[in-house]
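Data block below; observations after.
Just so you know, all these numbers are worked out from the coordinates, no wet-lab data involved. These numbers come from a predicted model, not from an experiment. Here the Cβ positions follow ideal geometry from the backbone for every residue, glycine too, while neighbour counts run over all protein chains shown.
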């Protein structure tokens, strides 16, 4: 779907946004060990793919004045035997970059330039460990930065993350096409699972997960945008319940939060349904409150909206609903967020399910967002989330794809 003109255009836009004369040096992600000599499935850095369009690890892009070239890693012969060699012709065709250098020659070229300049622009590295998420990060950016600083200890690095975040948050027509296809694949697969005769056959969460993932691949998705969540009953009160190993009970609700990936663009859809088609009065009350909050969120969406203001307004609206449900007496951020609504209403979507973007920048037409409202009541074993994907238009918003019904 994406040709070299898309990636070349993105590189040109980056040059125009970054008005400095410093060389731009950006790295692909690296492989991560899973066990022994096995790696986790490779996931490319979203911003690198946006500029280059290739899924090889450890490739480096250099943009210096009017010149651009790629540096490809030196691979051991045994690695090429097992994993295949990098197809240089395909890399050139895909990226539109004609000059491709092997590691030794490429770094020799780069070293000559880096030793002469005061600044290099790159994507700043995350810390090795992000305490908030409890996770280790891909070391490729840190490795690149360390190597650049070894070449020139006085070098100052300029961070390109805001530039690329603002570029990626506003989608081009071809991106909207790929994203809409991912959404339709996701929705069609969910519809298959939700057929009453089919839904009644499932005994465990993982059976639903298996059919959803099968539906994605059968309809042309290359992958899942993220690890699927299928959470029944009290499991739905854990935001990222990914073990999907619980039994299903007919009087419970089941929440899916899933998304197919089509040509690198990821849907992010959530639905909550009654397994027996007869929700209890309380379940229906909570579900109606979640849908009302989503409708309120939709009513706010338009160009120039500031997302932080939007989040505050939706938070207060959900606080009103929590009070009506008898869950809180006074609306405060702590009361709403502590347990009942702990996640954002909206995040950007695109190459990543939680895509790059600038949350301090007012929304512009063709920004794409998830609209995700939820209420989670651990004491009652009720967790409900409903999520659709939208694009901002000149006057408001549109739901992307053929939307699922919101009937419980």
Span from the the range 1-18 Cα centroid across to the the range 197-234 one, whole angstrom: 36
If you rank 40, 48 by fewest surrounding Cβ atoms within 10 Å, what's the result? 40, 48
Please compute the Cα-Cα pair-distance distribution of the range 289-408 with 10 Å bins starting at 0, giving whole percents from short to long. 13, 45, 32, 10, 0
Per-selection Rg to Rh, the range 38-130 - Cα, Kirkwood hydrodynamic radius: 0.97
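Largest first and in whole Å, what are the equivalent-ellipsoid semi-axes of the range 4-167 based on the Cα gyration tensor, each being the root of 5 times an eigenvalue?
Largest first, the range 4-167 gives 23, 20, 17 Å.
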Could you give the angle, 0 to 90 degrees to the nearest 10, between helix 307-324's Cα long axis and the longest principal axis of the Cα atoms of the chain? 20
Cα-based Rg and Dmax for the range 204-294, where Dmax is the largest Cα-Cα distance (Å): 13.9, 42
Fully extended, how many nm does the chain gain between residue 102 and residue 280 (0.36 nm per residue separation, minus their Cα-Cα distance)? 57.7 nm
Rounded to the nearest 500, what is the 222 nm mean residue ellipticity of the chain from helices alone, with -39500 (n - 2.57) per DSSP H run of 4+ residues and division by all residues? -11500 deg cm²/dmol
Calculate I(q)/I(0) for the range 178-244 by the Debye formula, one identical point scatterer on each C-alpha and no solvent, and give its log10 at q = 0.11, 0.14 Å⁻¹ to two decimals. -0.26, -0.43
In a Debye calculation with equal point scatterers on the alpha-carbon sites of the range 130-207 and no solvent, what is log10 I(q)/I(0) at q = 0.11, 0.17, 0.20, 0.26 Å⁻¹? -0.68, -0.95, -1.01, -1.14
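I'm a student and want to see the number: the projected area of the Cα convex hull of the chain, averaged over all directions, in nm².
On the way: hull surface 85.9 nm².
Averaged projected area of the chain's Cα convex hull equals 21.5 nm².
Take the alpha carbon gyration tensor of the range 218-354, find the square roots of its eigenvalues, order them as a ≥ b ≥ c, and report rounded if a/c is under 1.5; if not, report prolate when a/b exceeds b/c, else oblate.
oblate
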Explain nothing, just the number: relative contact order of the chain, from Cα pairs under 8 Å at least 6 residues apart, as a whole percent. 14
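Largest first and in whole Å, what are the equivalent-ellipsoid semi-axes of the range 106-253 based on the Cα gyration tensor, each being the root of 5 times an eigenvalue?
Semi-axes from the Cα gyration tensor: 45, 20, 13 Å.
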Scale the Cα Rg of the range 225-273 by the rule-of-thumb value 2.2 N^0.38 Å and send over the ratio, two decimals. 1.20
Could you state the angle between the C-alpha long axis of helix 205-218 and the longest principal axis of the C-alpha atoms of the chain, as a value from 0 to 90 degrees rounded to the nearest 10? 50
Can you tell me the equivalent ellipsoid semi-axes for the range 170-399? Use √(5λ) from the Cα gyration tensor, largest first, whole Å. 26, 25, 13
Rounded, prolate or oblate: which fits the range 91-183, taking a ≥ b ≥ c as square roots of the Cα gyration tensor eigenvalues, rounded meaning a/c under 1.5, else prolate when a/b beats b/c? oblate
